[in-house]
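The values are calculated or read from the model by the stated rules, or taken from the named source; none is laboratory data. The model shown is predicted, which means the values in this text are computed figures rather than measured ones. Note that each Cβ is placed from the backbone with ideal geometry, even for glycine, and that neighbours are counted across all protein chains shown. All accessible areas refer to the heavy atoms of the entire protein, side chains included, with ligands and DNA or RNA removed. Shrake-Rupley method; radii C 1.70, N 1.55, O 1.52, S 1.80 Å.
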Amino acid sequence: MRIARIISVCLIFPLYLYLFFFSSPASASDDLASKRRKMIASDIQGRGIRDMRVIDAMAKIPRHLFVEKGYASRAYGDNPLPIAEGQTISQPYVVALMTEALRLKPGDRVLEIGTGSGYQAAVLAEIVSEVYTIEIRQRLAEKAGKLLKELGYKNIRGKSGDGYFGWEEFGPFDAIIVTASANHIPPPLIRQLREGGRLVIPLGSTLFFQTLTLATKKKGELDIEQLGGVAFVPMTGEVQKRR
Ligand code: SAH
């Protein structure tokens with residue numbers, strides 16, 4: 001009896017150890033994948049997002065790698081989350097809504113203002129051929145650049161700087177997305193938007209509420225459409241010196 005017990009402990013204990021060390025990472029990643037599927041079904045498709053390019057991109061990207069350490073298990077929740085330096089990664093639905101509003105096509109060239117974690121840039125890069133992204137905080141720009149490189153994105157070019165001035169060298173752009181709030185659309189961005197191009201930006205001067213605004217360039221003028229209320233961190237730099 002005693003020998004049988006010793007043998008079973010000798011066999012079962014290593015088995016437990018094996019399961020603990022080798023099966024828990026797999027189940028953690030299964031859990032995240034299942035949360036991601038749920039997010040797509042309820043918060044993206046369930047809320048009316050129909051563009052399959054946007055849905056496929058968000059179903060594929062490991063959003064949990066873009067949030068601050070310690071928040072991975074909450075990365076697929078229906079809310080924004082902190083990244084470094086007091087900034088935030090937007091709520092998944094808002095990312096989907098803004099991306100869908102841009103009516104992107106595979107050959108498009110897109111400019112993003114406010115790289116943040118790099119998540120929105122990754123979503124764009126899954127859909128279009130060229131993504132340019134500008135982040136005013138150098139540390140965030142570097143961190144996002146490193147992660148996007150590790151994930152293998154070769155069609156994203158990023159830099160640290162004030163996105164108010166756009167990125168003239170690579171314009172005009174088919175679409176521009178501003179992921180920080182401003183009280184006006186920076187004129188350099190309007191100039192760098194091609195005829196027929198779409199620009200999306202949270203417009204407003206209060207901290208907790210802005211209007212998500214879609215501007216389409218038609219015969220040199222902007223056709224404006226309001227998409228609803230949002231709350232973004234403010235755009236800093238030049239924009240705060242004007243109007
Ligand atoms: N798109 C990001 C979230 C953006 S949070 C993501 O997917 O994670 C807004 C970001 O805009 C912040 O990182 C902030 O530093 C940046 N920002 C604010 N003003 C800016 C400016 N003038 N030019 C470029 N980036 C700016």
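Observations, loosely collected:
- Within the shell of other residues whose beta carbon sits under 14 angstrom from the beta carbon of ALA33, the net charge comes to +4, with Lys and Arg scored +1 and Asp and Glu -1.
- GNM top mover of ASP56, ASP30, ASP162 - the chain, alpha-carbon springs below 10 Å: ASP30
- Spin-label zone in segment 84-98 - amide nitrogen under 17 Å from a point set 7 Å from the Cα of SER160 along the C-beta vector: 84-87
- Protein heavy-atom accessible surface, 1.4 Å probe, per residue over the chain: 53 Å².
- Evaluated with a Cβ-only charge set (Lys, Arg +1; Asp, Glu -1), the chain carries a dipole of roughly 480 debye about its Cα centre, given to the nearest 20.
- Overall dimensions of segment 18-117 by Cα: Rg and Dmax, Å: 15.0, 49
- Label zone of ARG47 (point 7 Å out along Cα→Cβ, amide N under 14 Å): in segment 204-227 this covers 212, 227.
- Potential extension, ARG243-GLU150 segment - 0.36 nm per residue separation minus Cα distance: 29.5 nm
- Rounded to 5, the percent of DSSP beta bridges in the chain classed as antiparallel: 45
- Considering only segment 146-243, percent of DSSP beta bridges that pair antiparallel, nearest 5: 70
- Segment 79-241, accessible surface, carbon-and-sulfur percent (1.4 angstrom probe): 52
- Rounded to two decimals, the Cα-based Rg/Rh of segment 79-241, with Kirkwood Rh, is 0.92.
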